[in-house]
1. Please give the number of the condition residue A:131 fails out of (1) of a type outside the set (S, T, N, Q); (2) within 17 Å of the chain's Cα centre (by Cα); (3) under 18 Å from residue A:164 (Cα atoms).
2. Scan region A:175-199 for residues that are within 15 Å of DNA strand C (Cβ to nearest atom) and either of a type outside the set (Gly, Ala, Ser) or crowded, with 16+ Cβ neighbours inside 10 Å (or both) and jot them down.
3. Residue B:158 passes all but one of (1) in contact (Cβ under 8 Å) with a residue 12 or more places away in the chain; (2) aliphatic (A, V, I, L, M); (3) more than 10 Å from DNA strand C (Cβ to nearest atom); which number fails?
4. For region A:4-31, what are the residues that are outside any loop (DSSP other than H, G, I, E, B), more than 14 Å from the chain's Cα centre (by Cα) and surrounded by 15 or more Cβ atoms within 10 Å (Cβ to Cβ)?
5. Condition first: polar (S, T, N, Q) and either within 14 Å of chain A (Cβ to nearest Cβ) or crowded, with 17+ Cβ neighbours inside 10 Å (or both). Now tell me which residues in region B:67-90 satisfy that.
6. Mind checking which residues of region B:48-67 are among the β-branched types (Val, Ile, Thr) and either assigned to a strand (DSSP E or B) or in contact with a Ser or Thr (Cβ under 6 Å, 6 or more places away or on another chain) (or both)?
7. Could you list all residues from region B:46-72 that are at pLDDT 95 or above and of a type in the set (A, V, I, L, M)?
8. Could you give me the residue pairs with C-beta distances under 9 Å whose first residue belongs to region B:161-174 and is more than 15 Å from DNA strand C (Cβ to nearest atom), whose second residue is assigned to a loop (DSSP other than H, G, I, E, B) wherever it lies, and which are 6+ apart or on separate chains?
Number of protein chains: 2
Amino acid sequence: MIKRGAEPFNNFIAIPGDLVAEDEDLEPAASSVLKSLTGLENIFMEQLYTFGKVDRHPQGRIITVAYYTLVNIEEVTPTPASFAADIQWLSFDDIPQLAFDHNEILAKAIERLKWRAHTKPIGLELLPVKFTLSQLRKLYEGILEKTLDKRNFRRKIIKMDILIALDEKQKNVAHKAARFYKFDVEKYHNLSKEGYIFSM
Amino acid sequence: MIKRGAEPFNNFIAIPGDLVAEDEDLEPAASSVLKSLTGLENIFMEQLYTFGKVDRHPQGRIITVAYYTLVNIEEVTPTPASFAADIQWLSFDDIPQLAFDHNEILAKAIERLKWRAHTKPIGLELLPVKFTLSQLRKLYEGILEKTLDKRNFRRKIIKMDILIALDEKQKNVAHKAARFYKFDVEKYHNLSKEGYIFSM
DNA sequence: ATTCTTATTGTTATTTTTACACTTACAACA
DNA sequence: TGTTGTAAGTGTAAAAATAACAATAAGAAT
């Protein structure tokens, strides 16, 4: 999130964004906002929804085409622009009243993310290359806001056949070391296409 | 579909649309296109996707916020505007090359409709108030482009508990008369909300 | 050697899905 | 009036998916 430094909604928190240039496609415009603040490129990004109420910006007609992205926060390297712009990462539970209709945009994004996690595989964009099944399960639990049975989750995700088990385990953990897995990227993307229901 | 009467793409078929006025919200703008051509109001309508490629319109930058709707064609009363505008209803199989990127828009709509039929109940907007289970099944078969087993479909749809059986049957049909059903509108809409998977 | 913590594994009961065929009701026709 | 054609309506069994549930294993810390 970004803290605004000008009216209207001065000092309010807002979702980062920018105007789209006359000769700029929509998705590159969104990508460039992401890159300028996080340094990230070639990240999963999907159009969310277009918000166009006449009065959503007090100073004129602004139509916002919102995109959402899934980023692994550990890969983010804050850029000079992000320091200058007063960027912060907020937990969903700590979201205050935002500028403009941005709470509505965020609500739509959360709804979409839940639906996505409910019906499609998720995690490729959010986890390190190597991860344990517990990490993957906790990701789902976080997004879906419910706990999942360890054994049933394991069985279900393995049967999807999108994981490759590695010959490598955790080290220096004060408990039994967990095996690492990685995604079979091609199979992962196949299941992400339309027509397949995950049902987690 | 509408036949264009001006350059560019003169005489090409296109998806109906209009410019959004400076003081007009997006959804009313879409509704008003629908109403002017079909007379229909208060119809299910959902934002589909926003198309914004720089070069999608040869004469300038046009960003299209596409909406799709489900209409019962028997309720449509062609308006004077629709005659003037050379409106026609086309089967999906008869779609020619369209103006601009409209084939792409249509493909997105079909994809969305299939996903919707696959995961949510459908039919309230498309069928007469009273309908038979065969009609409902054939609607699903048409959208999903596959045949569904009569008995299994019946069992599944009944268990969803969104139908109300009427004490009325078909008349003057040269076979056993089918019972009419109607939707339990409230339950239907509950299941249409996020978080529920239909899986047909 | 004991303790603490998380990983890993299997079974059973229940529910859901799939595949599949015969009888019934009605109109049309001979 | 009975024969034919057509779509409606119905049941069952096998297979698959889901849900609920607890004990053992591995490694670090003490």
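The values are calculated or read from the model by the stated rules, or taken from the named source; none is laboratory data. Predicted, not measured: the structure shown is a model, and the values here were computed from it. FYI the Cβ positions are ideal-geometry reconstructions off the backbone, even for glycines, and counts take in every protein chain you see.
1. Condition (2) is where residue A:131 drops out.
2. Let us first name the residues in region A:175-199 that are within 15 Å of DNA strand C (Cβ to nearest atom), namely A:175-182, A:195-199.
Within region A:175-199, A:175, A:176, A:179, A:180, A:181, A:182, A:196, A:197, A:198 meet the criteria.
3. Tallying (1) in contact (Cβ under 8 Å) with a residue 12 or more places away in the chain; (2) aliphatic (A, V, I, L, M); (3) more than 10 Å from DNA strand C (Cβ to nearest atom), residue B:158 fails exactly one: (1).
4. Going through region A:4-31, the residues outside any loop (DSSP other than H, G, I, E, B) turn out to be A:13-14, A:26-31.
In the following step, the residues that additionally are more than 14 Å from the chain's Cα centre (by Cα) were identified as A:13-14, A:26-29.
Matches in region A:4-31: A:13, A:14, A:26, A:27, A:29.
5. Filtering region B:67-90 for residues polar (S, T, N, Q) gives B:69, B:72, B:77, B:79, B:82, B:88.
Listed by number, the residues that qualify are B:69, B:82.
6. Kept after step one, since they are among the β-branched types (Val, Ile, Thr), are these residues of region B:48-67: B:50, B:54, B:62-65.
Within region B:48-67, B:50, B:64, B:65 qualify.
7. If the condition is that a residue be at pLDDT 95 or above and of a type in the set (A, V, I, L, M), then B:48, B:54, B:62, B:63, B:65, B:66 are the ones that fit.
8. B:163/B:184; B:164/B:184
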